[in-house]
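The values are calculated or read from the model by the stated rules, or taken from the named source; none is laboratory data. Values in this document were obtained by computation on a predicted structure and should not be read as measured data. FYI the Cβ positions are ideal-geometry reconstructions off the backbone, even for glycines, and counts take in every protein chain you see. With ligands, DNA and RNA removed, areas are computed over all heavy atoms of the protein, side chains included. Shrake-Rupley method; radii C 1.70, N 1.55, O 1.52, S 1.80 Å.
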Amino acid sequence: MARRDKINYYLDLADIVSQRGTCLRRRYGAVIVKNDEVISTGYAGAPRGRKNCCDLGKCIRQELNIPRGERYELCRSVHAEANAIISASRDKMIDSTLYLSGREAATNEYIKNSNSCSMCKRLIINAGIKKVIVRDSATEFREVDVQDWIDHDESLDGVKGY
């Protein structure tokens, strides 16, 4: 039996975490790892105490036909990356890696070309996270050096996320 490589192991954990997500459109899970130790996990869901979209049975962004990457201020969810960052101390996140896995809620397929939204990118930068690894399929992924987000500031040119 072949042993699962370390990157896909942590992406598998992020995928499992995503199953707790409450978004009706997409399920994301994030795992922050440093020195081969899980520091924190997070999934997309409404803030504590508020009703989730899955409880309400509707998604405002879906009802308004808002495309991926736009108008996140209307979303009820705290994103997976943000929830993972909220649950960890900054000193543990410095030079860590965030693993991100997302699936379409309707089809359970991996989200193609997913990426953190611009707000989550800012949180990741400020948390001191060094690298983000994003799952594309059960075995394929992309590695992003967070320094690239600093050097190529998308807030100056309007690039979209998620």
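Just the protein heavy atoms count here, and of the accessible area of the chain at 1.4 Å, carbon and sulfur take up 48 percent. For the stretch 76-162, the set of trypsin sites (Lys or Arg not before Pro) satisfying both a DSSP loop assignment and a count of at most 13 other C-beta atoms within 10 Å is given as LYS112, LYS160. Calculated accessible area for the stretch 16-118 comes out at 53 Å² per residue, all protein chains present (probe 1.4 Å; ligands, DNA, RNA ignored). Spin-label model, ASN65 to MET1: label points 7 Å out along the Cα-to-beta-carbon direction sit 5.0 nm apart.
Among the lysines, which have Cα under 19 Å from the Cα of LYS6 when same-chain residues fewer than 8 positions away are ignored? List returned: LYS34, LYS130, LYS131. Checking every one of the GluC sites (Glu not before Pro) in the stretch 90-162 against DSSP loop status and a limit of 14 other Cβ atoms within 10 Å picks out GLU109, GLU140.
Bridge orientation summary for the chain: considering DSSP beta bridges with both residues in this region, about 85 percent are antiparallel.
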